[in-house]
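Only one structure is covered here, and it is reproduced in the block below.
The values are calculated or read from the model by the stated rules, or taken from the named source; none is laboratory data. Here the structure is a predicted model, which is why all the values come from computation and not from measurement. Because the Cβ atoms are built from the backbone with ideal geometry, glycine has one as well, and the counts that use them run over all protein chains shown. Each accessible area value is taken on the protein alone, full model and side chains, heavy atoms only, with ligands, DNA and RNA left out. Shrake-Rupley method; radii C 1.70, N 1.55, O 1.52, S 1.80 Å.
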Amino acid sequence: MSVPQKHQSSTVDPPPPPPFDPTQPSIPISYPIKTLEDLGSRAYFKSFHYPFNICSVPLENSVLDNRPRVLVCHDMQGGYVDDKWIQGGSNPDAYAIWHWYLIDVFVYFSHNLVTLPPPCWTNTAHRHGVKVLKTLYDVLVPMKTKVLGTFITEWDEGKAICNKLLSTKESAHMYAELLSELAVALGFDGWLLNMEVELELGQIPNLKEFISHLTQTMHSSLPGSLVIWYDSVTIDGNLRWQNQLNDQNKPFFDICDGIFVNYTWQEDYPRSSAAVAGDRKFDVYMGIDVFGRSTYGGGKWTTNVALDVLKKDDVSAAIFAPGWVYETKQPPDFQTAQNHWWSLVEKSWGAVKFYPRTLPFYSNFDQGHGYHISVEGGQVSDAPWNNISSQGFQPFLKFTGNPSPGTIEVFVDFKEASYRGGGNITFKGTLEENTDFTTKIFQGELLMDAVPLHITHSVKSEGDSLLGLSLHFSSTANERTSVLLASWGTNQFSRKFSKIIAPCQVNKPRTAPGWVVLESSIEMNGYALTEIHAVCYRPKHEHSQLGLEHRTDGSEDTLSYSPKEYHAVLGHITMNTSKENTYFPPSSSWLVEGHYIKWSSGSQGSKTVSVKIDWKSKDGTDSQFPKYNIYVEKLPKQAVRNHGAGLGGVQEYLGVANVEAFYVSELPIPATTSSLKFIIQVCGVDGVCQNLDDSPYFQLDVKATTVGGRKMFQLFSYVERNNLINPLAHSTNGQQLLGCKSHGKLGIRHFEWFDSLMCERSKAVTRGLLQSNSRMEIRESLRLPSRETKIWAFMILSMFFVILLCTLSNGKWGKETLVFP
């Protein structure tokens, strides 16, 4: 039956994107496992994206403190938003958490069957000493800022999954082992289990087998790991949230590492739950829903009301969905609202993490998002970005709300120039002459010994705005000492500090103008470094004038500032026991390869290329470097003299890698480009990066010839996938894929490898590829005949045809043999 058609728009909707195929090369992403079949098949390990999802920062301290803890359960817009882009996204306002000193355990949560934490969360949580759990909608496991995934079953689909999962003891064990394998392989710390379905009473024994076997397998495979049970289904199989620990859910609590209690509890439930838990009361995590859905205290801006009760009753807290601040766009802006909300948590609970605790200690104050990227003070990218993996140790900045006039405002800034990465601490306001302003930036527990402590920090300031650091020490006898690190104009501090040290200015050729790098050393054997403060000060006028004459930061407009105006930036701070620079292996010690090379043609002779670049040490040792900056040089034809060294070009920043692989997607290549040089800049734990000229690289020739009007880019991809790599490529620091070139003007008449030794190996590949793509015959010869050879061939063929015609005309064709003169 025909149906009258409504007026249709003249615009045509674009076709839907093809379904996601994790086996095919594409920009690396994090994604969940949605079916039990995919979990059982171990298909995730066959994914192109799997190696990119591995955490690169191990958790050094795997034991949870014996005290009330804070678990934070991420539930932000369904998960896998801006954080799914492993190599970074383009949203400078992406959601992030940076108050890690208030968190013991982090759970990445979504409503998919198996929620695998994106590595950016695990990397930064581990950097701050936090465990990361994943959600199975079945398991929640917290640890020392540990990171957990989630296993969850819900609704009718979840019930069907449980029927298969819990069908036998063997199936329960098998899936528990698969979950453990994923956590260990990807580097996060455990699971949150959330079984929000009705179960048959007969399924409960196998459910207990599943929980118990997962916990035991995780502990044996990853000491210190966590498996946490969510308060949902009861021991009778009923889906009935208890909102406390009692006899209905304690059997599950007894066989794992803790319980995440549902968030609609009443005021006396924490105390009664602690009594039931006995000496495991800190393993009881009472839920608080920040969205305020029937939660005690109302959540939102009164989340601290519930926290106060839990702190009083000596149990742990599980804060659910702190992304409320971001999702509901709390005023005036996310940065301010986020700092304000977490200040309520800090006021109620206090800090649970302290750093520095170990050496080396380094922070560039990066929050993992911003508007530029800098290296040694020089801006290498002005593109907006987000990548939580890049987050450095975060300062303990006190939230003050609206600063009153006449004070210094202190904040992490993303728009101001940075020394490294995309952030800094900015100090801005008014300050009278001969006065100072001090604020805490770190609270640590660093034990000192007889080895001197070396401190390096970078500063950029305006006029006579001066910025120093003060270190606060405490001895075992509770003796307190403070040391000021400040260059000059310090007479006003003679009575405020136990000691004043004038740092030496470090002249680094790569440091951008305006930045001053300062270095100090101090020995405090038997003491512990407990706090680091920033000291903003303005010296007396005579010192100010003397200082201006000796400023070496390149400023020329320092006298234009008001005597009260203060503006300074702290770019980074590094602490170590050695003055020696980070050792970077020579480029020749790396093996660099390119895979999955794909070319596409654009307009006016331009092209794009996609390629996965990976690198490893030739001696097989594991890399100890936390990150790699990736650059590309697009070398014009006239610049290519020899493959590899001695090439000059603009080094374009592509991104950062936290594993030894990086995927370049659809990189535009101008028509004048002859070669691409991908540079892997190795960076140390102290933030120092290798000189680009000394860094390993992968070079790729840009070559394309036509066959019937089509570009032969497929040849490069085919040869690369089949490992036909030139064994004589230039240098030992990167394998080089050398393509083929054509002879003749009309289409392709012949292909020849730049390296003749590859010709025999590639002949069959080339022939088959060209015939399948172009339906044309290929001449199997190593090189075209010369002009002289062509002439002789023409003469011989002419004589042959003359004799043949003569023989036929005489009627002697048959069995007679032709004789050549």
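Observations
- The residues on offer are Ser458, Ser482, Ser487, Ser474, and the sole one that is assigned to a loop (DSSP other than H, G, I, E, B) and among the polar types (S, T, N, Q) is Ser487.
- Lys703 vs. criteria assigned to a strand (DSSP E or B), modelled with pLDDT of 50 or more and either touching a helix residue (DSSP H, G or I) at 6+ places or on another chain (Cβ under 7 Å) or more than 23 Å from Thr582 (Cα to Cα) (or both): no
- Residue, least open to solvent (accessible area, probe 1.4 Å), within segment 490-499, restricted to residues that are in a loop (DSSP other than H, G, I, E, B) and at pLDDT 90 or above: Phe497
- Leu431 vs. criteria in contact with a Phe, Trp or Tyr (Cβ under 9 Å, 6 or more places away or on another chain), buried (at least 23 other Cβ atoms within 10 Å of the Cβ), over 18 Å from Gly571 (Cβ atoms) and in contact (Cβ under 8 Å) with a residue 40 or more places away in the chain: yes
- Here is the figure for segment 615-657: residues that are under 20 Å from Tyr50 (Cβ atoms) and modelled with pLDDT under 90 total 2.
- First in segment 256-271 and among the polar types (S, T, N, Q), second anywhere and in a loop (DSSP other than H, G, I, E, B) and modelled with pLDDT of 95 or more, Cβ under 6 Å, 6 or more apart: Asn262/Asp231; Asn262/Trp241; Asn262/Asn243; Thr264/Asn243; Thr264/Ser294
- Note on segment 500-516: residues that are surrounded by 13 or more Cβ atoms within 10 Å (Cβ to Cβ), within 11 Å of Lys460 (Cα to Cα) and out of contact with any Lys or Arg (no Cβ under 6 Å at 6 or more places or on another chain) total 2.
- Apart from one condition, Arg293 fits all of (1) part of a helix (DSSP H, G or I); (2) open to solvent by 10 Å² or more (accessible area, probe 1.4 Å); (3) at negative phi; the exception is (1).
- Test result for Tyr95, modelled with pLDDT of 95 or more and within 17 Å of Val659 (Cα to Cα): no
- Residue in segment 400-412 that is under 22 Å from the mean Cα position of the chain (by Cα) and either farther than 29 Å from Phe493 by Cβ or open to solvent by 60 Å² or more (accessible area, probe 1.4 Å) (or both) present: no
- Condition check for Glu666: assigned to a strand (DSSP E or B), open to solvent by 50 Å² or more (accessible area, probe 1.4 Å), more than 30 Å from Phe393 (Cβ to Cβ) and modelled with pLDDT of 95 or more: yes
- Checking each residue in segment 44-77 for being open to solvent by 40 Å² or more (accessible area, probe 1.4 Å) and either part of a helix (DSSP H, G or I) or free of Cβ contacts under 8 Å to residues at least 40 places away in the same chain (or both) picks out Phe45, Lys46, Tyr50, Pro51.
- Checking each residue in segment 374-388 for being touching a Lys or Arg at 6+ places or on another chain (Cβ under 8 Å) and outside any loop (DSSP other than H, G, I, E, B) picks out Ser374, Val375, Gly378.
- Among (1) modelled with pLDDT of 90 or more; (2) farther than 21 Å from Trp615 by Cα; (3) under 30 Å from the mean Cα position of the chain (by Cα), the one test that Glu660 misses: (2)
- Where a residue in segment 93-121 is more than 24 Å from Ile33 (Cα to Cα) and its partner, wherever it lies, is hydroxyl-bearing (Ser, Thr, Tyr) and crowded, with 24+ Cβ neighbours inside 10 Å, with Cβ under 7 Å and at least six apart: Trp100/Thr145; Ile103/Thr145; Asp104/Thr145
- For Asn246, the requirement of being in a loop (DSSP other than H, G, I, E, B) and either over 30 Å from Leu178 (Cβ atoms) or open to solvent by 60 Å² or more (accessible area, probe 1.4 Å) (or both) is met.
- Of the residues making up segment 455-471, not a single one is more than 30 Å from Ser374 (Cα to Cα) and surrounded by fewer than 21 Cβ atoms within 10 Å (Cβ to Cβ).
- His213 vs. criteria under 30 Å from Lys169 (Cα atoms) and within 29 Å of the chain's Cα centre (by Cα): no
- Filter result for Ala172 (surrounded by fewer than 19 Cβ atoms within 10 Å (Cβ to Cβ), modelled with pLDDT of 95 or more and in a helix (DSSP H, G or I)): no
- When segment 249-280 is filtered for residues that are small (Gly, Ala, Ser) and either open to solvent by 50 Å² or more (accessible area, probe 1.4 Å) or touching a Cys at 6+ places or on another chain (Cβ under 7 Å) (or both), only Ala275 remains.
- Residue match in segment 218-232 (condition: part of a loop (DSSP other than H, G, I, E, B), in contact with a strand residue (DSSP E or B) (Cβ under 8 Å, 6 or more places away or on another chain) and over 26 Å from Ser30 (Cβ atoms)): yes
- Of the numbered criteria (1) touching a residue at least 60 places away in the same chain (Cβ under 8 Å); (2) farther than 22 Å from Ile29 by Cα; (3) part of a loop (DSSP other than H, G, I, E, B); (4) open to solvent by 20 Å² or more (accessible area, probe 1.4 Å), the one Gln394 fails is (4).
- Residues located in segment 194-208, provided they are open to solvent by 70 Å² or more (accessible area, probe 1.4 Å) and closer than 18 Å to His173 by Cα: Pro205, Lys208
- Considering segment 583-623, and only residues there that are in a loop (DSSP other than H, G, I, E, B) and either free of Cβ contacts under 8 Å to residues at least 12 places away in the same chain or in contact with a helix residue (DSSP H, G or I) (Cβ under 9 Å, 6 or more places away or on another chain) (or both), the residue that is least open to solvent (accessible area, probe 1.4 Å) turns out to be Phe584.
- The criterion of at least 3 residues that are over 28 Å from the mean Cα position of the chain (by Cα) is met by the following helices (runs of 4 or more DSSP H) wholly inside segment 300-350: 303-313, 334-349.
- The one condition in (1) open to solvent by 50 Å² or more (accessible area, probe 1.4 Å); (2) over 16 Å from Met575 (Cβ atoms) that Leu447 fails to fulfil: (2)
- Of all residues in segment 286-295, those satisfying the criterion of being out of contact with any Cys (no Cβ under 9 Å at 6 or more places or on another chain) and within 24 Å of Leu64 (Cβ to Cβ) are Met286, Ile288, Asp289, Val290.
- For Asp236: the one exception among (1) without any contact (Cβ under 8 Å) to a residue 60 or more places away in the chain; (2) charged (D, E, K, R); (3) part of a helix (DSSP H, G or I): (3)
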